[in-house]
Amino acid sequence: MNKIIPLSLVVLASLYATEVELAPIGVESTLITDVAQNAQTSADVAAALSVNVPSIDMSRRSGIANDILIRGQKRDNINVEVDGTKAYGACPNRMDPPVSHILANQIDSIEVTEGPYDVTSFGVMSGGVKIKTKKPTKEVKGEINIGAGSFNYRKFGVSGSGGNDFIRVSIAVSTESSDQYIDGNGDTISDQIDNYGVTSAQLQPEYKDMPAYTKKSVMAKAYITTAEDQELRLSITANRSDDILYGNSKMDALYDDSNIYSVEYNINNISDSYKNINLQYFHSDVDHPMATDYRMASATMPTMKSWLTTDMDGLKLKNSFEVASYKLGLGLDTSKRTWDGQYYMNDVMIVGNDINTSTNSMDNAVTDNTAIFATIEKAYGNFNIKAGGRYDSTHIQSDDITQQGNDYSALNANIFTTYNLNKENKIFFGLGQASRVPDARELYFKQNAKTPSGTKFVKVTGTDDLKQSTNQEIDLGYEVNNDTLDFKIKAFYSMVQDYIYYNKSLAKNNFENINVTVYGAELSSSIYVTDDISIDMGASYKVGQKDEPLTTQTGTNMADIAPLRANIAANYEYMTNSIATVEVQASDKWSEFDEENGEQELAAWTILNLKAKHAINKKFDFTLGVNNLLDTTYAHSNTYADLILITSSGAGDDIMLMNDPGRYVYANLDFKF
């Protein structure tokens, strides 16, 4: 009964209690603006998205660098891009997911697509996130952001932009750090590890109070006008994170360094019908060593390190046309990703020639993709139709000659229609199919392991004959927009053939293809009560089922399918550009879960957040807030064995659960000039 009351009060979830503006760019997508101005509690993009988009959940990995799920889908089931570039994480354990390679205070907007409705990018099987960072301006201007919060959180950022008709440049520099957060029980991350009781995973005494992370980032851009309606765009982003503590993992990241380079040439207004051509080349690389240096395991045994790197090169050509009221798009897309990993003992690489000791985790696995895509859009009175198609050809190969290479081809296609009932009301319907290939971890990954008697062996968790996954999905919904109400409800039904799933019960080759069904609904609404008072609401609910149990298992519940989640926020604009917000977030009990693959029942939770953003003048904003005011103990994410987490060897073989932060008080000062 205690959980039913708060959930009935918040059966709708706030799309936004942090003044992040949400503007629909199409019923199949949502555009989030003002991200940088409202990244108040951290620069973690996953945290910002999970608060502001009902379909997105966060997978907590640490105090920073958390992951996202769209409708219960994560990893390669969804696509993440930054200004058209991609930076895959190097860590097979998702310590550095793609969204962690950009900071929220560098972002101008984020477009979230739910479902297989983007053919312009590789791997948009169940959804995608396209992040656009701030563009250089001709006007000389800048911004300074200073933040502080509980757990010794410190943030400083400065950015500037300016130029002329020939060249515009911008640069943004930021640094961020925090001690270990404290959960509602009063436990630090180290305390949570101690409470779990696996001695080898505990921090050594001298590291028990170590900071949770430090993170630095630099982004620089130059836009050069080479001719009328022609522009050369150059950008570089560098991220440097150090000593990142991952509480319920067996290792911590010594550092996580990433670089993203982009060269783009854009031409507008080529002719009356040929509107745009855009050619972009990008390169990204990630260097990620994780080790047991800070854990008790290295106090009595050799220090173990898993060091992985990944890099990617991509080239994309896009063309836009307007012919007889049709909007057309044509493009070519090609990319090459390399993923490599080695194991070290006491900083000495372990040569992988003895099956009883160790081997490389990834042997220079290469994924080559080439694709062609097309889109079309046409309005017929009150009826609008969008359609797209994409053909992919992909080859994946490892240097390990004992593991087979694979060729994949896929035809992705979708159609999305909208009918405007009147100026305020519309209904929409979408039908799409999209595929994604297995990644190198799912195909080839190998890890060190021990038998109960202590004998070392190499466990090949990858399965090198996996098929690609294909999602066939239907979406439908209704939207209303007027002076007093913005409301959208959206339902979906997704059938995925050859879904790639981790089977904990198998001794090796743990990934297998199965068929699954995922369905649910999302709701969002803003009610403008008066000129000064508004209420923002929304909710998401989903169900995920395997068509048949995994090999040797009996359950059919899918992992990562969070229960009903909701929040509601009341906003009061007490003076121009000054807003006070009261928000309640809540989650139902996580009672449908995949126990055979490591998940566990999680209690329902409700948290209360308060925030006031005060405009001192046109240049200064001061923000004061508190998240989880009542210091509730709760956990956002479950413990699916797809992640390698700390596991007890005792009865039940349970997996360590990480609680989210308790009461968090923060303050920010933003100065624009």
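The values are calculated or read from the model by the stated rules, or taken from the named source; none is laboratory data. What you see is a predicted model, and the numbers here were worked out from it, not measured in a lab. Because the Cβ atoms are built from the backbone with ideal geometry, glycine has one as well, and the counts that use them run over all protein chains shown.
The residue that is surrounded by the fewest Cβ atoms within 10 Å (Cβ to Cβ), counting only those in the stretch 253-290 that are more than 30 Å from residue 228 (Cα to Cα) and either basic (Lys, Arg) or more than 20 Å from the chain's Cα centre (by Cα) (or both), is 254. For the stretch 109-118, the count of residues that are among the hydroxyl-bearing types (Ser, Thr, Tyr), in contact with a helix residue (DSSP H, G or I) (Cβ under 8 Å, 6 or more places away or on another chain) and part of a loop (DSSP other than H, G, I, E, B) is zero. Condition test on residue 434, is it at pLDDT 95 or above, hydrophobic (A, V, I, L, M, F, W, C) and under 26 Å from residue 499 (Cβ atoms)? Yes; evaluated as a whole, the condition is true for this residue. Only one entry in 15, 31, 9 is out of contact with any Asp or Glu (no Cβ under 8 Å at 6 or more places or on another chain), at pLDDT below 85 and not hydroxyl-bearing (Ser, Thr, Tyr), namely 9.
As a summary of the residue check, residue 402 satisfies the conditions (1) free of Cβ contacts under 8 Å to residues at least 60 places away in the same chain; (2) part of a loop (DSSP other than H, G, I, E, B); (3) within 23 Å of residue 470 (Cα to Cα) except for the one numbered (3).
If the condition is being within 19 Å of residue 659 (Cα to Cα), buried (at least 16 other Cβ atoms within 10 Å of the Cβ) and not aromatic (Phe, Trp, Tyr), then the stretch 567-591 contributes 584, 585, 586, 587, 588. Return yes when residue 296 is touching a strand residue (DSSP E or B) at 6+ places or on another chain (Cβ under 6 Å), within 23 Å of residue 344 (Cβ to Cβ) and touching a residue at least 60 places away in the same chain (Cβ under 8 Å) and no when it is not. So residue 296 fails the test.
I'd like to know if the stretch 553-565 contains one or more residues that are under 22 Å from residue 497 (Cα atoms), of a type in the set (Lys, Arg), outside any loop (DSSP other than H, G, I, E, B) and at pLDDT 95 or above. Checked the stretch 553-565: no residue is under 22 Å from residue 497 (Cα atoms), of a type in the set (Lys, Arg), outside any loop (DSSP other than H, G, I, E, B) and at pLDDT 95 or above. Among the residues of the stretch 623-634, none qualifies, meaning not one is surrounded by fewer than 16 Cβ atoms within 10 Å (Cβ to Cβ), among the hydroxyl-bearing types (Ser, Thr, Tyr) and more than 25 Å from the chain's Cα centre (by Cα).
Among residues of the stretch 475-502 that are under 14 Å from residue 427 (Cα atoms), those with a beta-carbon under 8 Å from a residue that is outside any strand (DSSP E or B) and acidic (Asp, Glu) at least six positions away or on a different chain give the pairs 475/28; 480/424; 481/424.
Checking 98, 92 one by one, the residue that is at pLDDT below 95, closer than 19 Å to residue 313 by Cβ and touching a Phe, Trp or Tyr at 6+ places or on another chain (Cβ under 7 Å) is 98 and no other. Residues of the stretch 119-135 include none that is farther than 26 Å from residue 376 by Cβ, modelled with pLDDT under 90, among the β-branched types (Val, Ile, Thr) and not in a helix (DSSP H, G or I).
Do we find a residue being outside any strand (DSSP E or B) and either within 30 Å of residue 60 (Cβ to Cβ) or in contact (Cβ under 8 Å) with a residue 40 or more places away in the chain (or both) anywhere in the stretch 218-228? No, the stretch 218-228 contains no residue that is outside any strand (DSSP E or B) and either within 30 Å of residue 60 (Cβ to Cβ) or in contact (Cβ under 8 Å) with a residue 40 or more places away in the chain (or both).
Kindly indicate whether residue 399 is closer than 29 Å to residue 125 by Cα, out of contact with any Ser or Thr (no Cβ under 6 Å at 6 or more places or on another chain) and modelled with pLDDT under 95. Yes: the conditions hold for residue 399.
The residues on offer are 168, 240, and the sole one that is of a type in the set (D, E, K, R), free of Cβ contacts under 8 Å to residues at least 60 places away in the same chain and either over 30 Å from residue 270 (Cβ atoms) or part of a helix (DSSP H, G or I) (or both) is 240. Once the stretch 171-204 is narrowed to residues that are assigned to a loop (DSSP other than H, G, I, E, B) and among the hydrophobic types (A, V, I, L, M, F, W, C), the residue that is nearest to the chain's Cα centre (by Cα) is 182.
When residue 299 is tested against (1) part of a strand (DSSP E or B); (2) over 24 Å from residue 407 (Cα atoms), just one condition goes unmet, and that condition is (1). Selection of the stretch 139-154 for residues being part of a loop (DSSP other than H, G, I, E, B) and exposed (fewer than 14 other Cβ atoms within 10 Å of the Cβ) yields 139, 140, 152.
Put simply, of 595, 601 the only residue that is free of Cβ contacts under 8 Å to residues at least 24 places away in the same chain and farther than 30 Å from residue 157 by Cβ is 601.
Mind telling me which of the residues 307, 339 ends up being in a strand (DSSP E or B), over 28 Å from residue 223 (Cβ atoms), touching a Phe, Trp or Tyr at 6+ places or on another chain (Cβ under 8 Å) and in contact (Cβ under 8 Å) with a residue 40 or more places away in the chain? Selected residue: 339, the only one of 307, 339 that is in a strand (DSSP E or B), over 28 Å from residue 223 (Cβ atoms), touching a Phe, Trp or Tyr at 6+ places or on another chain (Cβ under 8 Å) and in contact (Cβ under 8 Å) with a residue 40 or more places away in the chain.
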